[in-house]
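Where a number appears in this text, it was derived from the coordinates with a stated rule and is not lab data. Please read all numbers here as calculations on a predicted model, not as lab measurements. For neighbour counting, all protein chains shown are included, and Cβ atoms are generated from backbone atoms with ideal geometry for every residue, glycine included.
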Amino acid sequence: MGKVSEWNDDRGFGFIAPLDGKPARVFFHVRDYRLDGRRPEVGEVIRFTAQRQADGKWRTLTVRRTVPAVRQAKPAAPSRAMPWRPGSALPGALAIVAYALLIAWAIGAGRLPLEAALVPLALSAITFVAYALDKHAAQTGRWRTPESTLHMMELAGGWPGAWIAQQVLRHKSSKRAYRVVFRAMVVLHLIAAAAWLWGRA
């Protein structure tokens, strides 16, 4: 048995510290983790089988979770730490409705052709697919899409698709730093779009 001592979720690998201290640490990959539907957590106690590699380092063959993760005692976290609390999706839904109304107004006012409505739909679809591929890569330990690339797609106009992916796929939804930048991309895009449309008067 051992305990997860390090875990890099973006790259899909980490290290286990055996409870008996032999060896000092063992490398493991997310593919070795035998618990579908969840990710490893630092501090959780696991059972594992390992094998010494040709370079002398140890690597797991299988990893199974045995008990809930051991966490240090912390003060009660505020409710905002719960990413899926009721009503948390409301701001994003309202932003999408406002965006749709902005585009509808621009088309009705003759500032955009009717076909322009297809552009945000296409960008959103592309961004949604990018999120889905990145989640699959995270689960299988393959090459990830850089967060900066996802943010650029959001800024370009694919943010509605990104928001839907976060709700449906549960991807990039629990990382606070990512959500902060995502919201900034939404605000910047809406401001830029409104300013551009207003200037076409």
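Here are some notes:
- Ascending count of other beta-carbon atoms within 10 Å, so fewest first, for 96, 16: 96, 16
- Ranked list, fewest to most other Cβ atoms within 10 Å of each Cβ, for 189, 151: 151, 189
- For residue 178 and residue 105, a Förster radius of 41 Å and the Cβ-Cβ distance give a FRET efficiency of 0.85, rounded to the nearest 0.05.
- Helical mean residue ellipticity (222 nm; -39500 (n - 2.57) per DSSP H run of 4+; nearest 500) of the chain: -14000 deg cm²/dmol
- Between residue 1 and residue 121, the distance separating the two model label sites (each 7 Å from Cα on the Cα→Cβ line) works out to 5.6 nm.
- With Cα atoms, 0 to 90° folded angle of helix 118-140 axis to the chain main axis: 0 degrees
- Straight-distance candidates among the lysines for linking to residue 135, with alpha-carbon spacing under 30 Å and chain neighbours fewer than 8 residues away dropped: 3, 57, 74, 172, 175.
- Computed from the C-beta positions of residue 24 and residue 94, the FRET efficiency with R₀ = 45 Å rounds to 0.30.
- Check: the chain dipole with +1 on Lys, Arg Cβ and -1 on Asp, Glu Cβ, in debye: 720 debye
- Highest-MSF residue in the chain out of 139, 51, 167 [GNM, Cα springs under 10 Å]: 51
- Cβ-based net charge around residue 193, under 15 Å, with every Lys or Arg adding one and every Asp or Glu removing one: +1
- Mean Cα-pair separation over length for the chain, i.e. relative contact order, pairs under 8 Å, 6 or more apart, %: 16 percent
- Taking the longest Cα principal axis of the chain as reference, the axis of helix 176-199 is set at about 10 degrees.
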